[in-house]
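The values are calculated or read from the model by the stated rules, or taken from the named source; none is laboratory data. Quick caveat, the model's predicted, so the values are computed rather than measured. All Cβ positions, glycine included, derive from the backbone under ideal geometry; neighbour counts span all protein chains shown.
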Amino acid sequence: MKLTDSVQFLKGVGPKSVENFHKLGIFTVQDLLLYFPFRYEDFASRSVFELVDGEKATIIGTVVTPANVQYYGFKRNRLSFKIKEGEAVVAVSFFNQPYLADKVEVGKEIAVYGKWDQAKQQLMGMKVVAQVDDGLEPVYHLTAGMKQSQLVKVIHQVFESGLLSELPENLPEFLIEKYRLMNRQEAVLAMHFPEDMAAHKQALRRVKFEELFMFQLKLQALKNKEKSGRAGLQVIFEQEEIDKKISDLPFELTGGQSRALTEILDDMKSPYHMNRLLQGDVGSGKTVVASLSMYAACLANFQAAIMVPTEILARQHFANLQALFPELQISLLVSGLKAAERREILADLASGHTHMVVGTHALIQEGVDFYNLGLVITDEQHRFGVNQRKILREKGQNPDVLMMTATPIPRTLAITAFGDMDVSIIDELPKGRQPITTRWVKHEQFSEVLSWVKGEVANDSQVYFISPLIEESETLDLKNAEALFAELNDYFGLFAKIGLLHGKMKNDEKDQIMQEFKAKKLDILVSTTVIEVGVDVPNATIMVIMDADRFGLSQLHQLRGRVGRGTKKSYAILVANPKSDSGKQRMKIMTETQNGFVLAEEDLKMRGSGEIFGLRQSGLPEFIAADLVNDYNILEVARQEAVEIFKKADEFPDLIAQVNVEGGFD
């Protein structure tokens, strides 16, 4: 038998159970060996004198009284007997497991795993342990219709057959020695059946390093492939033209913006393919940097495209670009266009008449062809799947790629998780921006909030009210928003004009309401979270978030970033009575800092890496043992080692050959 053979050839795996193995992602014998338990039960025997009340443990003793089963009520019974362990005689009880009586024989030794009851000096039995010398027993994630014992038996069978010796070592010898790692075969054995927790710890350390190192090798390989295999476009433009455009801006670029722009333009000028992530906190002015990059591409006679997640945002970008570059032909491609209008835009793109295009998903549909696409920008990259980004990229001759995100990915993770991309960070806000004051109030104080809001509206301020998110249903979201809308109308009456925005509206309805709010025809806008991304209303200075504890930190931060876009003092009011400690913690952190990167680090600590920045959608692999956050130190070491390996690639041909870069992380 070989490691590549199907698990169906193992004894005890029938056609029915083979399906269950497949559901767990186990197809071959090697998959089975690498399917690790997530915890262990400790069945190493203990003395009753060491136990504390409620502790689970295994006690080994000699049976001194025969098993007695008492029945009471339907299918309810208790099996009891006594065992002698050293000097102590211990009572043992099992509920509703009368069949265990067969295993209890006076004078024979028995090992019982159970929960110790100090007051009664008795063990509430959970199972009779077969092998007395069993130490740690693995516990695996299962699918319905599978038993732990079945899986353990099959894994034992593979180890007993000696197949483990065929599992090849996949780490270079010098790394194993340098970091004192277990070899692969020892580690796999100790992951399933460790002698003790110390052995398991060493095995886990080895497995985590291996996973993260292989991940980093793949990222480095992708990076190298981008740089060497496919030459990029060399975008040659006059720097003076860019500088003139910058000096014409009605504001000065911040240091962060200038730095990011220089990094992007240097990439575009180089013969290599640009693959860059531009991160900026909410309101840090990424759009201007992106616009100037698009301008550079146009100066070099290339076309530039920017894809955004919503129509409202597309229109906003379109208006900004038209104001900045009146001399260029700029198109807006969104889904609701009239057929003739759409035909004309597509013809202009294909003929090269259009210099810049702003669009939503409509940009990646069939029939959208470019004359000479040189730069592709995606805004809020985690909202687009990896494949959608790929389609847009393939519309040109390998155009340069810039992704923008306002979801601050902690610096620590950005470099490593997006290791195949270069990262630019804008970490300061534009001059004249007022810091936003954030307050956390309880529901009981809501009436005070309303009277304060009334005063601010009288002073010509505009206000957002965000109604809470209910995961399960858009209908409930809408109900909540409508109830809040009605409550505010009751309170303000004719004093204020109030609008309502929610996810079930058609795009043009949403647009219309946003435009009315922007044009000051509305004083208050009640909304579900549809305004989260990028909409600019400089006069809106107050953001009231209801049941704020239902949102994660990064989402609260995104929402808060909708105000404070003008020069007036702005406020965010979090209305919440959080029940959990983490909810209280989130409210507290929000009032203490406005730095999105600090918040993202905190969010990471509180929630783990799976939920942050849509990791699940970002196309990163799922790890078996490693965790991008908790194992950050190992991740960083793995990254440094992977970079070094690629510097000396010719010394490690076998290692690099096993890295598959096709398809990225799709």
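Tell me, please, whether a residue that is modelled with pLDDT of 80 or more, surrounded by 18 or more Cβ atoms within 10 Å (Cβ to Cβ) and either β-branched (Val, Ile, Thr) or out of contact with any Ser or Thr (no Cβ under 6 Å at 6 or more places or on another chain) (or both) can be found in the stretch 611-620.
Quick first cut of the stretch 611-620, residues modelled with pLDDT of 80 or more only: none.
No, the stretch 611-620 contains no residue that is modelled with pLDDT of 80 or more, surrounded by 18 or more Cβ atoms within 10 Å (Cβ to Cβ) and either β-branched (Val, Ile, Thr) or out of contact with any Ser or Thr (no Cβ under 6 Å at 6 or more places or on another chain) (or both).
Residues that are part of a helix (DSSP H, G or I) and acidic (Asp, Glu) within the stretch 628-656 comprise GLU636, GLU641, GLU644, ASP650, GLU651, ASP654, listed in sequence order.
What about ALA91, is it within 30 Å of GLY12 (Cα to Cα) and either surrounded by 14 or more Cβ atoms within 10 Å (Cβ to Cβ) or assigned by TED's automatic domain parsing to the domain that holds LYS16 (or both)? The answer is no for ALA91. Taking each residue of the stretch 94-115 that is surrounded by 13 or more Cβ atoms within 10 Å (Cβ to Cβ) and looking for partners that are assigned to a helix (DSSP H, G or I) with beta-carbon atoms closer than 6 Å, six or more apart or interchain, yields PHE94/LEU100. Of the residues making up the stretch 387-426, those that are in contact with a Phe, Trp or Tyr (Cβ under 7 Å, 6 or more places away or on another chain) and at pLDDT 65 or above number 6.
Just checking, does the stretch 140-153 include any residue being in contact with a strand residue (DSSP E or B) (Cβ under 9 Å, 6 or more places away or on another chain), in the same structural domain as GLY25 (by TED's automatic domain parsing), at pLDDT 85 or above and not aromatic (Phe, Trp, Tyr)? Yes, the stretch 140-153 contains at least one residue that is in contact with a strand residue (DSSP E or B) (Cβ under 9 Å, 6 or more places away or on another chain), in the same structural domain as GLY25 (by TED's automatic domain parsing), at pLDDT 85 or above and not aromatic (Phe, Trp, Tyr). Applying the criterion of being out of contact with any His (no Cβ under 8 Å at 6 or more places or on another chain) and of a type in the set (S, T, N, Q) to the residues of the stretch 294-325, the residue that is surrounded by the most Cβ atoms within 10 Å (Cβ to Cβ) is THR310.
Yes/no per residue for (1) modelled with pLDDT of 85 or more; (2) of a type in the set (Gly, Ala, Ser); (3) over 23 Å from VAL453 (Cβ atoms):
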position	(1), (2), (3)
GLU474	no, no, yes
ALA481	no, yes, no
LEU484	yes, no, no
LEU488	yes, no, no
LEU500	yes, no, no
LYS506	no, no, yes
ASP511	no, no, yes
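Quick check, is VAL52 of a type in the set (Val, Ile, Thr) and modelled with pLDDT under 90? Yes; evaluated as a whole, the condition is true for this residue. Filtering LEU249, LEU204 for residues that are closer than 20 Å to SER424 by Cβ, of a type in the set (A, V, I, L, M) and touching a residue at least 12 places away in the same chain (Cβ under 8 Å) leaves a single hit, LEU249. Name the single residue, out of those in the stretch 37-79 being of a type in the set (S, T, N, Q) and surrounded by fewer than 17 Cβ atoms within 10 Å (Cβ to Cβ), that is nearest to PHE623 (Cα to Cα). Checked the stretch 37-79; the qualifying residue nearest to PHE623 (Cα to Cα) is SER47.
Filtering the stretch 223-240 to residues that are modelled with pLDDT under 75 and farther than 10 Å from HIS273 by Cβ leaves LYS223, ASN224.
If you go through the stretch 142-156 one residue at a time, do you hit one that is in contact with a helix residue (DSSP H, G or I) (Cβ under 6 Å, 6 or more places away or on another chain), not hydrophobic (A, V, I, L, M, F, W, C) and not in a loop (DSSP other than H, G, I, E, B)? Within the stretch 142-156, not a single residue is in contact with a helix residue (DSSP H, G or I) (Cβ under 6 Å, 6 or more places away or on another chain), not hydrophobic (A, V, I, L, M, F, W, C) and not in a loop (DSSP other than H, G, I, E, B).
For the stretch 185-203, the set of residues classified as assigned to a helix (DSSP H, G or I) and crowded, with 19+ Cβ neighbours inside 10 Å consists of ALA187, VAL188, ALA190, MET191, HIS192, ALA199, HIS200, ALA203, listed by residue number.
Of all residues in the stretch 348-372, count the ones that are surrounded by 14 or more Cβ atoms within 10 Å (Cβ to Cβ), assigned to a loop (DSSP other than H, G, I, E, B) and among the small types (Gly, Ala, Ser). Looking only at that region, the number is 1.
The rows are residues; the columns are (1) closer than 25 Å to LEU3 by Cα; (2) touching a strand residue (DSSP E or B) at 6+ places or on another chain (Cβ under 9 Å); (3) among the small types (Gly, Ala, Ser).
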| site | (1), (2), (3) |
| --- | --- |
| PRO15 | yes, no, no |
| GLY25 | yes, no, yes |
| VAL29 | yes, yes, no |
| PHE36 | yes, yes, no |
| PHE43 | no, yes, no |
| GLU50 | no, yes, no |
| ALA57 | no, yes, yes |
| GLY61 | no, yes, yes |
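Select from the stretch 15-34 the residues that are in a loop (DSSP other than H, G, I, E, B) and touching a helix residue (DSSP H, G or I) at 6+ places or on another chain (Cβ under 8 Å) and write down the one among them that is surrounded by the fewest Cβ atoms within 10 Å (Cβ to Cβ). Outline the logic, then answer.
To start, the set of residues in the stretch 15-34 that are in a loop (DSSP other than H, G, I, E, B) comprises 24-27, 34.
Still in the list and also touching a helix residue (DSSP H, G or I) at 6+ places or on another chain (Cβ under 8 Å): 25-27, 34.
On the way: GLY25: 11, ILE26: 21, PHE27: 16, LEU34: 17.
Residue satisfying both the conditions and the ranking: GLY25.
Considering VAL463, VAL457, the condition of being buried (at least 20 other Cβ atoms within 10 Å of the Cβ), modelled with pLDDT of 85 or more and touching a strand residue (DSSP E or B) at 6+ places or on another chain (Cβ under 8 Å) is satisfied by VAL463 alone.
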